[in-house]
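Peer 1: Submitted below is the structure of interest, expressed as structure tokens.
The values are calculated or read from the model by the stated rules, or taken from the named source; none is laboratory data. Source: prediction; values computed, not measured. Using ideal geometry, Cβ is built from the backbone for each residue, glycine included, and neighbour counts are taken over all protein chains shown. Heads up: the accessible areas ignore ligands, DNA and RNA and are worked out on the full protein's heavy atoms, side chains in. Shrake-Rupley method; radii C 1.70, N 1.55, O 1.52, S 1.80 Å.
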Amino acid sequence: MRGYEDIPVAPEQAVLSLLRALGIRDEDLPPSQDEQYALYRSELNRLGPALLLLDNVSEMSPTRPR
């Protein structure tokens with residue numbers, strides 16, 4: 001998350017990266033952040049149990065569920 005660098009990764013950027021890593025194409029991304037978070041949750045549910053490790057986080061707020 002680059003939490004201790006000058007420009008850390010914003011939660012909105014992180015969820016887009018995670019969706020792309022899950023195979024979601026840019027043209028299939030929902031327009032709103034709430035829809036993007038919902039899609040991410042549904043994709044994780046579809047895959048089954050998963051462990052997501054967020055490294056280099058300077059504060060906890062970006063890691064809290066939306």
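Peer 1: List the GluC sites (Glu not before Pro) within the chain that fall in a DSSP loop (any state other than H, G, I, E or B) and whose Cβ has at most 15 other Cβ atoms within 10 Å.
Peer 2: Answer by residue number: Glu5, Glu59.
Peer 1: Would you mind getting the accessible area per residue of the chain, heavy atoms of the protein chains only, 1.4 Å probe, in Å²?
Peer 2: The answer is 76 Å² per residue.
Peer 1: Now for a different question. Please compute the contact order of the chain in relative form: average sequence separation of alpha-carbon pairs under 8 Å and at least six residues apart, divided by the residue count, as a percent.
Peer 2: Contact order relative to length: 47 percent.
Peer 1: What span do the alpha-carbon atoms of the stretch 5-49 cover on each of the three principal axes, reported in whole Å from largest to smallest?
Peer 2: 35, 25, 17
Peer 1: Related question: Gaussian network model of the chain, Cα springs within a sub-10 Å range: biggest mean-square fluctuation belongs to which of Leu47, Leu39, Leu16?
Peer 2: Among Leu47, Leu39, Leu16, the largest GNM mean-square fluctuation belongs to Leu47.
Peer 1: To continue, here is another question. Computing the accessible area with a 1.4 Å probe over protein heavy atoms, can you report the carbon and sulfur percentage for the chain?
Peer 2: The computed percentage sits at 53.
Peer 1: Further question: Give me the angle, in degrees from 0 to 90, between the Cα long axis of helix 11-21 and the longest principal axis of the Cα atoms of the chain, rounded to the nearest 10.
Peer 2: Value to nearest ten degrees: 50.
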